[in-house]
Structures are given as C-alpha cells and as structure tokens.
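Data first, discussion second: the structure below is written as structure tokens.
The values are calculated or read from the model by the stated rules, or taken from the named source; none is laboratory data. Every value quoted in this text rests on a predicted model; they were computed, and no experiment measured them. Quick reminder, even Gly has a Cβ in these numbers, built from the backbone with ideal geometry, and neighbours come from all protein chains shown. Note: accessible area is taken over every heavy atom of the protein model, side chains too, but ligands, DNA and RNA are not part of it. Shrake-Rupley method; radii C 1.70, N 1.55, O 1.52, S 1.80 Å.
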Amino acid sequence: METKIVEIEESKVKEKAAEALLKEAGAVLKEGGLVAFPTETVYGLGGDALNKESSCKIYAAKGRPSDNPLIVHICKWEDIYPIVSEVSEEAKKIAEAFWPGPLTMILPKSDLVPYETTGGLDTVAVRMPSHKVAQKLIEYAGGYVAAPSANTSGKPSPTQARYVAEDMDGKIEMIIDGGEVGIGLESTIIDLTVKPPQILRPGFITQEMLSEVLGDVEADVTILNGDSGQAPKAPGMKYRHYAPKGDLTIVTGPQDKVVEYINSEVSKAMLAGEKTGVIGTEEVLDKYHAQVVKSVGSRDDELSIGRHLYTILREFDDEDVTRIFSESFETEGFGQAIMNRLLKAAGHKVVRL
Ligand code: TXA
Ligand code: MG
C-alpha cells in the first residue's frame, strides 16, 4: 500500500487546503482505512472506532496483541452518550475540568462499541483531544476515532510524523504531519468504573489535579513499582513498552555521585566494545564522557523533559547505541508520568547510590 503523507499545521486547520485534506482523511476513515494524525500528546493511529474491521486493521498495523484495548476519540461532549451505558457525575466533572485535553476516562461501554475496539472488555476508554487537527479529523470521520499511539508495538510513541512514517509507511492509507507534538507523553488514563477512581496511566493531568476535582483518587501501584507482584489494570501497561534497542539503566542519587557512577560505567562499557549513551539534564550535560550524550531538558522545566524523552529514545536506536544510562527524576506531579515511562523503558532497572 502507498501511504500518502500530507502536512497540516494546527494553526491552519481552517484554511481551504487543510480542510480539503482533512475531509479526504475523514473519508478514508469512514471507508474503513487508517490515518495517523497528531494530537497534543503523541501521534495516534486512527481507525473508525465503531467498525470492527478497522480496529482489527489497527492491531495488525501496530503488531499489537488484540487483548490490548484502544482509546475512542471524540470531538464533542454529546458524542459520549451513545458509546457508554452510563455517564456518571464524576465523568461530567472531569470532562468539564480537563476536556478537550490529555485525559482519557474508562466507563462502561454501550453495545455500539465493538469488542474488537475494547479488546474484549465491557468498558471503553474515551478521550477528547485538544489538538485542532485531531478534532477536525474526528468530526469528518463521523465522530468516533479509535487511536492507539502510532508506533509499532513495543517502540516509543511517536512525537513527530517522521517516526510514524518509520513504523507505518506502506501499512496505512495516510499520515497527517502536524509537526512536533506539545506534551510528548500519552494521556492520563483514569478508571471511573471503580471507587475511588483510579489512575491507570499517569500523564500531563496529574493525580493532584484530578483530586482537586474528584476528591479521593488512587494510582495503580504498578505505575512506579516494578515488583509489586500485581498486574497493571490497563492491559497495555503490562507490556514492556517504550523499549529502546539498547540496554537502559536509570541511576538515582546525589547529582555528583550519579555523574561519577555513570562515567565509570560508561568507561567499562566502552572497553567492552559497547556504544554508550547518556540521558542527562542540561545542568550537568558537559560532564558526561559517553559517545552519545543527549539533553532531555532542564531540571527546572519538567515539560521539556516529558517532551524530549521518547524522541531521545528513538534517536539512540537510530544511532545504534547499545548501553544507555539515564539520570532519574522527581516522581511528583508530571514527574510521575516521566518516571513511569522511563522505568518501563528500562525494564525497571535502577541503580540507587
Ligand atoms: O495520548 C493518548 O492517549 C494517545 C493519543 C493517540 O490519544 N493514545 C494512546 O493509546 O496512548 P494507546 O492505545 O497507545 O494506549 C491506550 C492504553 C493502553 O494501555 C490500554 O491498555 C488502555 O489504554 N486502555 C484502553 N481501554 C481500556 C479499558 N477499557 N480499560 C483499561 N485500560 C484501557
Ligand atoms: Mg501506545
């Protein structure tokens, strides 16, 4: 299959040319095809959420196990009613506070949503993205777009269209290039079918922000804990996602000790013939001796760290780095999402100094 790649800037969605392309993309989705598109979190791989064949195609294109449910994306509030069996007060409250935006809620599904989309579950994940390109595409596609991150299963989620093309070229009808995404980590997922509501995947909307609106909110224990002995509640979180090809270790402790330890391990690894890499922060970057040293951003700017993490993991793959060390980050606020993804990428391998 030939994949058509088009560019649409978020600020230009209302222009005629963009509108024509978005209508074309919407038609592709209505006909059962797949279109990758930008959102404020990461690129999504869209298909018609109410068409089971489309969902099956999504699993095939990603090489994703079909027990791992998809998120249904909508573009206006009323559209939630036909796809869920009950809209709780809690759902209304958090939609009011955080939609459109990087938040996904789990609710009981209605019969309209095929089990192929929900991975066999009786619940459905629903999200209303704030990205204008995504919103228009959903509208032109008929209102319901199932979209996992647009990566091959097991790779970091794509933050730029070129990474989507790397994984999806030839497998899907169309890719909409909307430039680099803003957040860079996937949406927060909150399960509203349990009491108290539970965060299954941390993201830009933090536990603190959700608690302000809902009161008591729990976080799945597996989010930061690799040996809790429990299975994560979001089926997708049990897979070792976001894995770079190189072996990744996180090092935590006082900053100077971390730099010293990483440099000594880097020297050993280089002697053993490994190509070494470091994920460091701006403040101490020039102290590292590895062959490839990447800045994930400044410690003072968590948003930049979130935005750069997946891009850096992909770059290490491109540069065939075999041994990677990373600094560690705070686990409060948005840091919970950053450390959750980093720990998964490292298979929870952490050295504490
Ligand atoms: O930011 C995002 O959410 C991106 C963009 C494209 O919107 N999408 C995304 O989708 O990250 P995906 O498929 O890569 O991740 C969806 C996660 C998986 O871990 C899946 O297991 C979980 O959501 N999930 C989906 N439906 C669920 C359900 N009914 N119950 C529990 N977990 C669910
Ligand atoms: Mg994903």
Odd one out for ILE199 among (1) at pLDDT 95 or above; (2) open to solvent by less than 20 Å² (accessible area, probe 1.4 Å); (3) near ligand 1 (Cβ under 10 Å from one of its atoms); (4) outside any helix (DSSP H, G or I)
(3)
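Determine if segment 74-91 includes at least one residue that is within 10 Å of ligand 1 (Cβ to nearest atom), in the same structural domain as LYS155 (by TED's automatic domain parsing) and in contact (Cβ under 8 Å) with a residue 60 or more places away in the chain. Walk me through how you get there before you give the answer.
Step one: of segment 74-91, the residues within 10 Å of ligand 1 (Cβ to nearest atom) are none.
Checking segment 74-91: not a single residue is within 10 Å of ligand 1 (Cβ to nearest atom), in the same structural domain as LYS155 (by TED's automatic domain parsing) and in contact (Cβ under 8 Å) with a residue 60 or more places away in the chain.
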Looking at LEU303, is it under 22 Å from the mean Cα position of the chain (by Cα), touching a residue at least 12 places away in the same chain (Cβ under 8 Å) and surrounded by 20 or more Cβ atoms within 10 Å (Cβ to Cβ)?
no
If we ask which residues in segment 306-334 are more than 20 Å from the chain's Cα centre (by Cα) and of a type in the set (Val, Ile, Thr), their number turns out to be 3
Out of (1) in contact (Cβ under 8 Å) with a residue 24 or more places away in the chain; (2) open to solvent by less than 40 Å² (accessible area, probe 1.4 Å); (3) away from ligand 1 (no atom under 13 Å from the Cβ), the odd one out for LEU70 is which?
(3)
Could you give me the residue pairs with C-beta distances under 9 Å whose first residue belongs to segment 326-353 and is at positive phi, whose second residue is open to solvent by 30 Å² or more (accessible area, probe 1.4 Å) and part of a helix (DSSP H, G or I) wherever it lies, and which are 6+ apart or on separate chains?
GLY333/GLN207; GLY333/GLU208; GLY333/MET209; GLY333/GLU302
Looking across segment 119-160 at residues that are over 22 Å from ALA60 (Cα atoms) and within 15 Å of ligand 2 (Cβ to nearest atom), the single one that is surrounded by the most Cβ atoms within 10 Å (Cβ to Cβ) is PRO129
Conditions (1) assigned to a loop (DSSP other than H, G, I, E, B); (2) within 16 Å of ligand 2 (Cβ to nearest atom); (3) buried (at least 22 other Cβ atoms within 10 Å of the Cβ); number of the one not met by VAL113
(2)
Looking only at segment 330-353, which residues are open to solvent by less than 20 Å² (accessible area, probe 1.4 Å) and either in the same structural domain as LYS155 (by TED's automatic domain parsing) or hydrophobic (A, V, I, L, M, F, W, C) (or both)?
PHE334, ALA337, ILE338, MET339, LEU342, LEU343, ALA345, ALA346
Looking at segment 250-257, is at least one residue part of a loop (DSSP other than H, G, I, E, B) and either away from ligand 1 (no atom under 16 Å from the Cβ) or touching a residue at least 24 places away in the same chain (Cβ under 8 Å) (or both)?
yes
